[in-house]
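*Asks:* Can you keep this structure in mind? I'll have questions shortly.
The values are calculated or read from the model by the stated rules, or taken from the named source; none is laboratory data. Because the structure is a prediction, the values reported are computed rather than measured. Glycine also receives a Cβ, built like all others from the backbone with ideal geometry; neighbour counts cover every protein chain displayed.
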Amino acid sequence: MTAPRKLLVDTRGVAASEMVLVLPMVAFITLNVVDLATYMYSKMQVDLAAQQAVGVVRQLCTATPAPPGSSCNAEYSTQMTDAAQKTALGAAVTLVGARTKEDRYCADTDGKLELAGASDRDCSGAIAGSTAAPGTYLSVQSSYAFSSVFPQASIASLLGSPITSTAWIRLK
């Protein structure tokens with residue numbers, strides 16, 4: 001056999017050359033799966049943190065009602081933060097103060113909450129024709145600064161940070 005013909009039938013190293021072609025695609029997909037899974041897990045933990053913060057309010061504010069005129073969320077803000085930080089994300093989860101508020105709301109027919117006026121006795125000011133009394137609701141927004149594990153190669157780095165979640169509870 002001549003030398004060129006020997007090269008054509010020689011199959012040593014074919015698997016290595018195929019791996020060089022396929023490995024970058026497999027690595028890119030694997031890195032994105034890992035990063036997206038991390039993002040989804042973080043989002044679930046942020047949702048849980050907000051739910052835990054309002055859950056502690058439900059326990060504390062209903063068991064020991066706040067004095068008239070006081071704000072339940074201000075009274076229990078430390079406990080709310082502690083509850084939110086008991087998730088797997090720990091102290092990296094924060095409660096956003098501007099969205100942690102207690103206020104009077106009216107629910108429309110679709111269940112959407114509309115802010116009621118402070119002096120409104122019924123919901124007619126927020127929802128036309130309503131005679132229902134406004135309820136006192138507390139909203140808590142939790143936040144977590146997500147950072148992609150593989151920022152240069154991941155789609156998850158485009159999803160945005162911080163991850164936020166808002167939870168509501170009706171107090172009265």
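*Asks:* Among the residues of segment 128-152 satisfying the criterion of being of a type in the set (A, V, I, L, M, F, W, C) and assigned to a loop (DSSP other than H, G, I, E, B), which is nearest to Ala91 (Cα to Cα)? Break it down into steps so the answer makes sense when it comes.
*Replies:* Quick first cut of segment 128-152, residues of a type in the set (A, V, I, L, M, F, W, C) only: 128, 132-133, 138, 140, 145-146, 149-150.
Then keep just the ones that are assigned to a loop (DSSP other than H, G, I, E, B); that gives 128, 132-133, 145-146, 149-150.
Working: Ala128: 44, Ala132: 40, Ala133: 38, Ala145: 11, Phe146: 13, Val149: 19, Phe150: 22 Å.
For segment 128-152, the residue satisfying everything is Ala145.
*Asks:* More than 12 Å from Ser142 (Cβ to Cβ), of a type in the set (Ser, Thr, Tyr) and modelled with pLDDT of 85 or more - does that describe any residue in segment 98-106? Let's see the steps before the verdict.
*Replies:* To start, the set of residues in segment 98-106 that are more than 12 Å from Ser142 (Cβ to Cβ) comprises 98, 101-106.
Now narrow it down to the ones that are of a type in the set (Ser, Thr, Tyr): 105.
From the residues that got through so far, the ones that are modelled with pLDDT of 85 or more too are none.
No: zero hits.
*Asks:* Where residues in segment 1-42 are among the acidic types (Asp, Glu) and at pLDDT 75 or above, which of them is surrounded by the fewest Cβ atoms within 10 Å (Cβ to Cβ)? If you could, list the steps in order and put the result at the bottom.
*Replies:* Of segment 1-42, the ones among the acidic types (Asp, Glu) are 10, 18, 35.
Keeping just the survivors that are at pLDDT 75 or above gives 18, 35.
Numbers: Glu18: 10, Asp35: 21.
Only one residue tops the list, namely Glu18.
A quick yes/no check of all residues on (1) among the aromatic types (Phe, Trp, Tyr); (2) modelled with pLDDT of 75 or more; (3) farther than 20 Å from Thr109 by Cα; (4) touching a helix residue (DSSP H, G or I) at 6+ places or on another chain (Cβ under 7 Å):
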{"residue": "Ser124", "(1), (2), (3), (4)": "no, no, no, no"}
{"residue": "Ile127", "(1), (2), (3), (4)": "no, no, no, no"}
{"residue": "Ser130", "(1), (2), (3), (4)": "no, no, no, yes"}
{"residue": "Tyr137", "(1), (2), (3), (4)": "yes, yes, no, no"}
{"residue": "Phe146", "(1), (2), (3), (4)": "yes, yes, yes, yes"}
{"residue": "Gln152", "(1), (2), (3), (4)": "no, yes, yes, no"}
{"residue": "Leu158", "(1), (2), (3), (4)": "no, yes, yes, no"}
{"residue": "Ser165", "(1), (2), (3), (4)": "no, yes, yes, yes"}
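*Asks:* Being in contact (Cβ under 8 Å) with a residue 24 or more places away in the chain and of a type in the set (Gly, Ala, Ser) is the filter here, so list the residues in segment 131-149 that pass it. Break it down into steps so the answer makes sense when it comes.
*Replies:* Residues of segment 131-149 that are in contact (Cβ under 8 Å) with a residue 24 or more places away in the chain, as a first pass: 132, 134-146, 148-149.
Correct list: Ala132, Gly135, Ser139, Ser142, Ser143, Ala145, Ser148.
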